Amino acid sequence: MRYATLSAAFILGMSAVTAIAQAPGGQDSGARPGHTIGVGDSLPRSDKASNINAADTKTTVAPTLPASAIGTNATAKDYLRAARASLVAGQTGATQQQLEMAETRALDRSVPLGQTDQPVGGSFVTWIGEARAAVGSGDRPHAIQLIDMALAS
């Protein structure tokens with residue numbers, strides 16, 4: 001009887017340790033075991049656009065997209081030109097990455113203290129966001145048209 005009680009306690013204890021080891025902090029982050037989120041290259045990787053909108057979101061973990069060939073110090077319009085070329089070539093993952101970088105550059109700004117809560121507006125930023133949404137919906141011709149409008153502004 002004593003051995004049965006000790007065995008049951010040991011098995012329950014091991015089950016708890018296994019559960020804790022599988023889900024740090026009690027949550028499933030989606031990251032591979034041993035990977036720190038936001039540090040270094042992450043899995044999964046994909047050369048296809050995804051997780052832009054509900055139509056193209058299949059998992060809660062967005063894949064790592066291809067890095068832009070034009071580097072990290074390009075202007076918003078440089079990224080738009082690269083996004084257009086990638087989209088024409090059918091490289092939707094690269095297109096998404098470059099549109100996101102273009103949008104980030106378009107949103108960079110200096111503002112006076114106390115006005116940081118004012119959103120950046122204007123058609124340039126709007127067209128980039130809409131082009132990204134069009135890529136997510138699979139509407140490449142419309143995405144190219146929106147990129148062209150942003151480049152012309």
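Please go through segment 100-153 and give me each residue that is in a helix (DSSP H, G or I) and in contact (Cβ under 8 Å) with a residue 60 or more places away in the chain, ordered by number.
Passing the criteria: Arg132, Ala133, Val135, Gly136, Ile144, Ile147, Asp148, Ala150, Leu151.
Checking Leu113, Leu146, Leu107 one by one, the residue that is in contact with a helix residue (DSSP H, G or I) (Cβ under 7 Å, 6 or more places away or on another chain), farther than 12 Å from Ala76 by Cβ and of a type outside the set (Val, Ile, Thr) is Leu146 and no other.
Condition (residue is crowded, with 16+ Cβ neighbours inside 10 Å, over 19 Å from the mean Cα position of the chain (by Cα) and at pLDDT 90 or above) applied to segment 105-124: is it met by at least one residue? Yes, there is a match, as at least one residue in segment 105-124 is crowded, with 16+ Cβ neighbours inside 10 Å, over 19 Å from the mean Cα position of the chain (by Cα) and at pLDDT 90 or above.
The values are calculated or read from the model by the stated rules, or taken from the named source; none is laboratory data. Being a predicted model, the structure only gives us computed values, none of them experimental. When we count neighbours, we look across all protein chains shown, and the Cβ atoms used for this are built from the backbone with ideal geometry, even at glycine.
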